[in-house]
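The block underneath contains the structure these notes are about, expressed in structure tokens.
The values are calculated or read from the model by the stated rules, or taken from the named source; none is laboratory data. Remember, it's a predicted structure, so these values are computed and weren't measured experimentally. Reconstructed Cβ throughout: ideal geometry from the backbone, glycine too, with neighbour counts over all protein chains shown. The accessibility values were calculated without ligands, DNA or RNA, using every heavy atom of the protein model including side chains. Shrake-Rupley method; radii C 1.70, N 1.55, O 1.52, S 1.80 Å.
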Amino acid sequence: MADTAMSLLDLEKPLVRPALSVEITDRMRRMIMEGELKPGEKVPEKALTEHFGVSRTPIREAVKILAHEGLVELVQNRGAIVAPQTADELRELFPVIAALEGAAGELAAGHASDAAIAALGERCVAMRAAYESGDRPTYFDINQQIHAGILKAAGNPTIMRHHAALASRVFRARYQANLSGDRWHAATLEHEAIQAALEARDGKRLGELMREHLMHKLESLTRTLLPE
């Protein structure tokens with residue numbers, strides 16, 4: 001009986017706090033991605049404890065994780081702030097990422113298996129459903145899966161390696177580029193055109209569409225989130 005009680009205690013100990021920390025981290029990440037916590041602002045620990053109904057411990061654990069992801073900065077004498085985004089940095093990064101994804105698209109059109117193309121088509125259909133239901137987080141997850149699938153289908157480790165080194169630096173920006181309704185709709189149509197070019201195995205067209213898609217994101221960010 002004692003052994004049973006001990007085993008139950010052992011099972012409970014690692015689950016309670018980590019599960020709470022994961023949930024709080026996910027919710028704070030969402031708040032940053034959606035712009036509820038704005039770049040350059042201090043992370044309001046006290047207000048968040050009241051908002052979530054938790055102690056400061058899971059909030060601080062979440063801050064550490066988000067700092068590791070680059071979404072939060074730990075500043076001496078100021079505490080944690082939401083990492084700022086600068087127009088100059090994004091203008092520097094997006095053309096490079098667009099070039100890499102464009103090259104991946106050109107290669108994927110010729111190298112992707114029929115099964116991989118069909119799987120990406122299913123993801124594109126699911127993306128349209130997420131858009132029509134207004135489910136932005138699911139849409140973004142599927143968006144990431146599609147881009148990753150095209151990169152993988154290209155079969156070029158060098159492109160993937162360089163892309164991975166840069167992608168995390170624009171992760172939040174790629175999400176926020178679709179915060180306006182018009183841009184979100186346009187992005188959905190662009191993805192459907194990308195899938196059509198992939199299914200036609202039109203490498204030149206696919207590469208062009210991938211590059212344009214990324215640069216449209218930059219234009220949207222520059223116009224709405226990063227004004228001059």
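Which of the following residues is in contact (Cβ under 8 Å) with a residue 12 or more places away in the chain, farther than 27 Å from Gly181 by Cα and either in a helix (DSSP H, G or I) or open to solvent by less than 60 Å² (accessible area, probe 1.4 Å) (or both): Ala99, Ala104, Ala118?
After ruling out the rest, the residue left standing is Ala104.
Within segment 41-57, identify whether any single residue is under 19 Å from Phe171 (Cα atoms), among the acidic types (Asp, Glu) and free of Cβ contacts under 8 Å to residues at least 12 places away in the same chain, and answer yes or no.
no
From the list Ile24, Ile65, which residue is open to solvent by 50 Å² or more (accessible area, probe 1.4 Å), among the β-branched types (Val, Ile, Thr) and not in a loop (DSSP other than H, G, I, E, B)?
After ruling out the rest, the residue left standing is Ile65.
Which ones in segment 121-133 are free of Cβ contacts under 8 Å to residues at least 12 places away in the same chain and open to solvent by 60 Å² or more (accessible area, probe 1.4 Å)?
Glu122, Val125, Glu132, Ser133
Looking at segment 27-70 only, could you name the residues that are among the acidic types (Asp, Glu) and modelled with pLDDT of 90 or more?
Glu41, Glu45, Glu50, Glu61
Could you check how many residues of segment 27-40 are closer than 16 Å to Ala67 by Cα, touching a residue at least 40 places away in the same chain (Cβ under 8 Å) and either small (Gly, Ala, Ser) or open to solvent by 80 Å² or more (accessible area, probe 1.4 Å) (or both)?
Number satisfying all stated conditions: 3.
Residue check: is Ala153 assigned to a helix (DSSP H, G or I), of a type in the set (A, V, I, L, M, F, W, C), crowded, with 17+ Cβ neighbours inside 10 Å and in contact with a Ser or Thr (Cβ under 8 Å, 6 or more places away or on another chain)?
Taking the combined requirement at face value, the residue satisfies it.
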